[in-house]
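Trainee: Sharing a structure here in structure tokens format.
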Amino acid sequence: METDADVGGCPECGCVAVGHGRRVHTVADTPCFGTPVRVQWAKRIWRCQEPTCPRTTFSEAHAFASPRAKLSARAVSWATDALERDDTSVSALARHLGVDWHTLWDAVAAEARRRLEAPERLAGIDALGVDEHVWSPTGLPGSGMVTGIVDHTRGPDGKPRARLLDLVEGRSGPVYRSWLTDRGEEFRAAVKVAALDPFQGYKNAIDDTLQDAVAVLDAFHVVKLGTQAVDEVRRRVQQQTRGCQMVCVRAVSPTESRDTDDHGRQGSTRGTPTRPA
């Protein structure tokens, strides 16, 4: 493919440039019917005619692909959308595009940062949720924890968006407070409901930065705490009425027989006894 541009302006001095041949730039594009696609772009080379201009030649620029890129812009957008919305991985997407893992991830990471920094991403949010997540199970206790912030704003259909907004390293009140502070006063004023797990640190952060929001426990922890309370009552009542009892269970094979005493009462079992359960 090639563009139909016949006039170019020098990015250094602004003078009209003339054609100076073409150079083929090969990029990976979105797959077609499961087959990786390669696009060969015959990029026009321009030459500045101004003798005093330090820029002698330059390549044409187009939104299809950035300079020296190995992926087209729509391929990067396609892969980033798939990671955001679908249950897939970078390795699977790289295989569909026919490129290396690092080639795809470098482009996706840059596109993801651009999307995260877009101010419209946080527009219209009136309900937030926060909870911790074990990011890395290795290391010292609590060292692999991250704080996850979720958008619980209801859409036009009345259902919560359940959209992950950010993951912040650490699990503490100052971590959540710092994230809320960085979002700005306009964002915090729009939040009306703040859901959280029963952790005092998150509650302190909400009280300090979201004064107009109503703090509520999320449904999962409400059910968990209710079930735990019922279970504790059941154990306490059982111990009060029947006392603490240990039940010993022996495993007896069908071929083993039991001895009875003179009164017909069951005695010990022949064979090797097992541990009490």
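The values are calculated or read from the model by the stated rules, or taken from the named source; none is laboratory data. As the structure is a computational prediction, the values presented were derived from the model and not from experiment. Note: ideal-geometry Cβ built from the backbone for every residue, glycine included; neighbour counts use all protein chains shown. Side chains are part of the model used for accessible areas, which takes the heavy atoms of the whole protein and leaves out ligands, DNA and RNA. Shrake-Rupley method; radii C 1.70, N 1.55, O 1.52, S 1.80 Å.
Trainee: R163's amide H: which non-local residues (gap 5+, or another chain) put their own amide H closer than 5 Å, with H modeled 1.01 Å from N in plane and none for Pro or chain starts?
Mentor: D151
Trainee: Could you do me a favour and compute the accessible area per residue for the chain, 1.4 Å probe, result in Å²?
Mentor: Here the per-residue accessible area is 67 Å².
Trainee: Let me ask something else. Of all accessible surface on the chain at a 1.4 Å probe, what whole percent is carbon and sulfur?
Mentor: Its accessible area is 54 percent carbon and sulfur atoms.
Trainee: Moving to a separate point now. If you average the C-alpha positions of region 146-165 and of region 76-128 separately, how far apart do those two centres end up, in angstrom?
Mentor: Rounded to whole Å, the Cα centres lie 18 Å apart.
Trainee: Percent relative contact order of the chain, based on C-alpha pairs within less than 8 angstrom and at least six residues apart?
Mentor: Contact order relative to length: 9 percent.
Trainee: Given +1 on the Cβ of Lys and Arg, -1 on the Cβ of Asp and Glu, and no further charges, what dipole in debye does region 104-227 carry about its Cα centre, rounded to the nearest 20?
Mentor: Value, rounded to 20: 240 debye.
Trainee: Extension gain V214-S143, at 0.36 nm per residue separation less the Cα-Cα distance, in nm?
Mentor: Contour length minus Cα-Cα distance gives 22.5 nm.
Trainee: Counting Lys and Arg as +1 and Asp and Glu as -1, each charge on the Cβ, what is the dipole of the chain about the Cα centre in debye, to the nearest 20?
Mentor: 700 debye
Trainee: Give the lysines whose C-alpha is closer than 29 Å to that of K192, dropping any in the same chain fewer than 8 places away, or say none.
Mentor: Correct list for K192: K159, K203, K224.
Trainee: Taking every Cα atom in region 1-78, find the radius of gyration and the maximum pairwise distance Dmax, and write them in Å.
Mentor: For region 1-78, the Cα radius of gyration and maximum Cα-Cα distance read 14.7, 51 Å.
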